[in-house]
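The values are calculated or read from the model by the stated rules, or taken from the named source; none is laboratory data. Just so it is clear, the model here is predicted, and its values are computed rather than measured. Here the Cβ positions follow ideal geometry from the backbone for every residue, glycine too, while neighbour counts run over all protein chains shown. Side chains included, ligands, DNA and RNA excluded: accessible areas come from the protein's heavy atoms. Shrake-Rupley method; radii C 1.70, N 1.55, O 1.52, S 1.80 Å.
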Amino acid sequence: MKRSLMFFVLIISLLLSLLSGCIIGSNNSDSTSLGESQFESEVSSEESEPSLSKDVVLRFAAMSDIHINGSSTQTENKRFRQALDFMYSYSDGQDYKNFDLLLVAGDMTNYGYENELNAFKAVVDEKLKEGTEKLFVMGNHEYYNNGPTAESQERWENITGETKNSHKVIDGYHFIGVSLNDTSDFQYAATWLEDEIKKAIEEDPDKPIFVTQHFHISNTVYGSADWGTSSLTSVLNKYPQVVNFSGHSHYPINDPRSIMQTKFTSLGCGTLSYYELEKGMVYGPFPPGNSNAAQFWVVEVYSDNSVAFKPYDLITSQFFPVDYRIKNPTSTDTFIYTAERANNADKPSFPSNAKLEVSEVKDSTAKLVFDHAVDGEMVHSYRYNFYTTSDNKLSTSFSTFSDFFYLDRPEKMTYIVTGLKPGTDYKLEITAIDSYGKESENTLTATFKTTGEPPIPEDPNAPLPDADFLDIVFDDKGSSDKGDLSKTVESINAKIEKDTELDAYVAKFTGKGDYLKIPFSQAEYNTLTEAISLSAKIKINEFNASDYMDALGNMQSGGYGFEITSGKQLEFWISIGGSYTVVTTPIEKGKYYSVTGTYDGQKVVLYIDGEKVGEAAASGFITYPSDTSAHAMCIGADVNPGGTGTAFFNGNVAYVKIHSKALTENQVIKLAEK
């Protein structure tokens with residue numbers, strides 16, 4: 001399955017017709033040629049891939065999740081400009097020189113504010129040339145402005161000049177865009193979408209039909225399990241001609257699962273803003289350097305109606321060394337990018353000369369440097385198992401991504417492990433895992449010993465320390481802070497009522513704009529950067545059917561809080577060194593939970609009712625929102641850039657406590673018993 005270099009010899013002699021299969025490589029002409037790549041051992045070439053005519057008849061860019069904030073100097077704004085400049089320069093160098101369409105699958109802004117939409121439009125007006133059409137749809141972020149949905153839609157349409165749902169025909173090919181009707185509703189447009197697809201088929205049943213909406217279609221591309229919708233599945237499943245583009249997840253597009261053919265063809269469009277991937281890694285879904293994200297598809301349609309999808313990386317200004325080719329998708333019989341690929345994939349392996357070096361060993365940390373594994377498709381992640389050599393028991397285990405989404409990643413993988421025990425002998429074993437979950441049979445191993453002496457056992461009779469940074473209590477007079485700072489608590493339509501289940505006063509939130517707000521200064525935040533315990537007693541009344549909500553948080557590009565997902569997961573988020581670490585556990589509605597999240601400079605831990613349910617290694621200082629207007633802790637919500645609430649919570653909160661130290665397990669148990 002690995003690419004062979006033998007074809008280079010043939011290219012030199014003459015222009016050949018592509019014989020069988022797709023040749024993976026550089027994308028510097030309308031015909032396909034080979035190119036060198038540092039990822040060469042991970043690039044796959046499937047013999048069943050179709051040969052394409054060299055005549056391109058249509059070209060477009062498909063991107064998503066730009067997240068313009070209104071500033072012309074914003075990084076995302078610059079990347080958007082760069083992407084459009086590239087499309088024209090690339091097209092000028094091809095035999096077919098047109099850049100026919102710009103497709104943006106939603107979340108072009110952060111909140112759908114007027115200044116953000118104007119900034120987006122300014123780039124489009126400045127950079128898009130005559131002859132390039134537009135297909136834009138609204139994402140959920142276009143509604144995150146606390147205004148009525150009708151106003152958000154009207155503002156978006158007036159400024160972009162596009163209708164929220166549209167059907168355009170470009171050089172005989174049909175493009176259909178479906179916008180969200182609010183932050184989650186696509187069902188409203190299902191009948192309209194099917195009618196438009198039928199019109200396209202009636203005109204020409206033998207051409208692909210390009211459809212876009214913001215959310216992935218569930219159970220299709222990489223990221224659709226967590227960030228998908230099934231509202232349009234029953235419609236799209238009827239039409240194999242459909243080639244669907246979506247965003248929302250921020251998952252990288254160079255993972256092979258970012259194209260999937262079920263009963264139609266789907267592609268995830270990545271992001272120009274930041275990566276957010278699946279959970280389960282030591283640093284949560286946000287890998288280090290995740291703001292170095294700028295990927296989109298260059299899509300070329302050929303005269304025989306076959307299509308090439310070429311993933312481009314703006315960070316390094318080059319194509320990823322893999323592209324995907326499909327025959328005219330009028331029948332599922334031609335589909336090759338199916339779930340069957342997982343069964344046919346090979347296992348990753350470490351080269352025979354691969355080495356693992358452990359250095360800079362201290363009481364609780366060590367530096368790991370090792371050679372990357374190779375794979376016929378892609379090495380997705382690594383698992384690190386640490387065993388105590390005295391008894392060969394597993395002491396700690398975690399995983400990291402392989403940094404496959406960084407085209408300029410170093411030749412060796414480096415990771416600083418934290419949270420080790422002082423004075424302990426360890427055996428480390430590293431396993432490689434590919435995109436389909438297949439694991440390497442060979443591993444990298446090393447032994448080492450941390451410095452220092454083993455810690456002194458905790459005194460179980462030690463008293464529970466006071467919540468010094470924040471201690472919010474509720475009574476018949478409302479809410480107040482009993483902590484050392486005696487902070488003012490502002491109420492935005494929040495109700496404080498006695499709860500018969502607890503026989504105590506609690507804050508009750510409806511999830512409809514009611515919350516409490518505690519402003520903080522930068523100086524106060526500066527006193528809480530090395531360790532923390534965030535605790536609350538909460539009860540969920542109802543989950544948000546398609547979005548997350550926050551029981552409490554100050555998480556505007558920094559900070560920490562408790563988030564509840566539509567998938568019925570409780571997540572403890574904390575920004576460390578500018579990147580979020582997230583620990584997750586399942587949760588139910590209708591019952592009270594004592595929840596505590598701690599960070600001690602080495603690890604992030606989540607407790608439920610005194611029991612540790614999740615842990616992630618982490619190191620660095622706690623970081624806070626850079627926008628001072630967002631310096632506030634909200635209860636019953638998270639905080640917006642302007643300092644107002646968002647992601648409103650539907651449930652009750654009995655107390656909120658912040659300690660300026662990491663509570664021990666014994667102390668967390670004592671707190672949960674209160």
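Going through Gly228, Gly223, Gly177 one at a time, which residue ends up being in contact (Cβ under 8 Å) with a residue 24 or more places away in the chain, closer than 26 Å to Lys279 by Cα and within 30 Å of the chain's Cα centre (by Cα)?
Details: Gly228 fails: in contact (Cβ under 8 Å) with a residue 24 or more places away in the chain; Gly177 fails: closer than 26 Å to Lys279 by Cα.
Answer to the selection: Gly223.
Please find, among Val322, Val301, the residue that is more than 18 Å from Leu84 (Cα to Cα), among the β-branched types (Val, Ile, Thr) and either open to solvent by less than 10 Å² (accessible area, probe 1.4 Å) or not in a loop (DSSP other than H, G, I, E, B) (or both).
When all the criteria are applied, what remains is Val301.
Listed here are the residues, each with its yes/no results for (1) free of Cβ contacts under 8 Å to residues at least 40 places away in the same chain; (2) in contact with a His (Cβ under 9 Å, 6 or more places away or on another chain).
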site	(1), (2)
Ser399	no, no
Glu411	no, yes
Thr414	no, no
Thr418	no, no
Ile456	yes, no
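What about Thr445, is it of a type in the set (Val, Ile, Thr), touching a residue at least 60 places away in the same chain (Cβ under 8 Å) and open to solvent by less than 70 Å² (accessible area, probe 1.4 Å)? Break it down stepwise before answering.
Values: of a type in the set (Val, Ile, Thr): yes; touching a residue at least 60 places away in the same chain (Cβ under 8 Å): yes; open to solvent by less than 70 Å² (accessible area, probe 1.4 Å): no.
Taking the combined requirement at face value, the residue does not satisfy it.
Return yes when Ser395 is free of Cβ contacts under 8 Å to residues at least 40 places away in the same chain and open to solvent by less than 20 Å² (accessible area, probe 1.4 Å) and no when it is not.
no
Looking only at region 508-561, filter to residues that are acidic (Asp, Glu) and under 20 Å from Ser594 (Cα atoms); which one of those is surrounded by the fewest Cβ atoms within 10 Å (Cβ to Cβ)? Break it down into steps so the answer makes sense when it comes.
Let us first name the residues in region 508-561 that are acidic (Asp, Glu), namely 514, 524, 530, 542, 547, 550.
Subsequent filtering for residues that are under 20 Å from Ser594 (Cα atoms) retains 542, 550.
Values: Glu542: 12, Asp550: 25.
Within region 508-561, the match that is surrounded by the fewest Cβ atoms within 10 Å (Cβ to Cβ) is Glu542.
Any idea how many residues of region 368-392 are within 18 Å of Ala432 (Cα to Cα) and either free of Cβ contacts under 8 Å to residues at least 12 places away in the same chain or open to solvent by 40 Å² or more (accessible area, probe 1.4 Å) (or both)?
2
Only residues in region 329-342 that are touching a residue at least 12 places away in the same chain (Cβ under 8 Å) count as the first member; pair them with residues that are small (Gly, Ala, Ser), Cβ under 8 angstrom, at least 6 apart or cross-chain, and list the lot.
Cβ pairs passing all conditions: Ile336/Ser48; Ala342/Gly437.
Among the numbered criteria (1) open to solvent by 80 Å² or more (accessible area, probe 1.4 Å); (2) touching a Cys at 6+ places or on another chain (Cβ under 7 Å), which single criterion is violated by Thr500?
Against the list (1) open to solvent by 80 Å² or more (accessible area, probe 1.4 Å); (2) touching a Cys at 6+ places or on another chain (Cβ under 7 Å), Thr500 comes up short only on (2).
Return the residues of region 618-674 that are touching a residue at least 60 places away in the same chain (Cβ under 8 Å), in a helix (DSSP H, G or I) and in contact with a strand residue (DSSP E or B) (Cβ under 7 Å, 6 or more places away or on another chain); say none if nothing qualifies.
Ala630, Val668, Leu671, Ala672
For region 351-367, give me the residue count where each residue is touching a residue at least 60 places away in the same chain (Cβ under 8 Å), open to solvent by 10 Å² or more (accessible area, probe 1.4 Å) and of a type outside the set (Val, Ile, Thr).
So the count comes out to 7.
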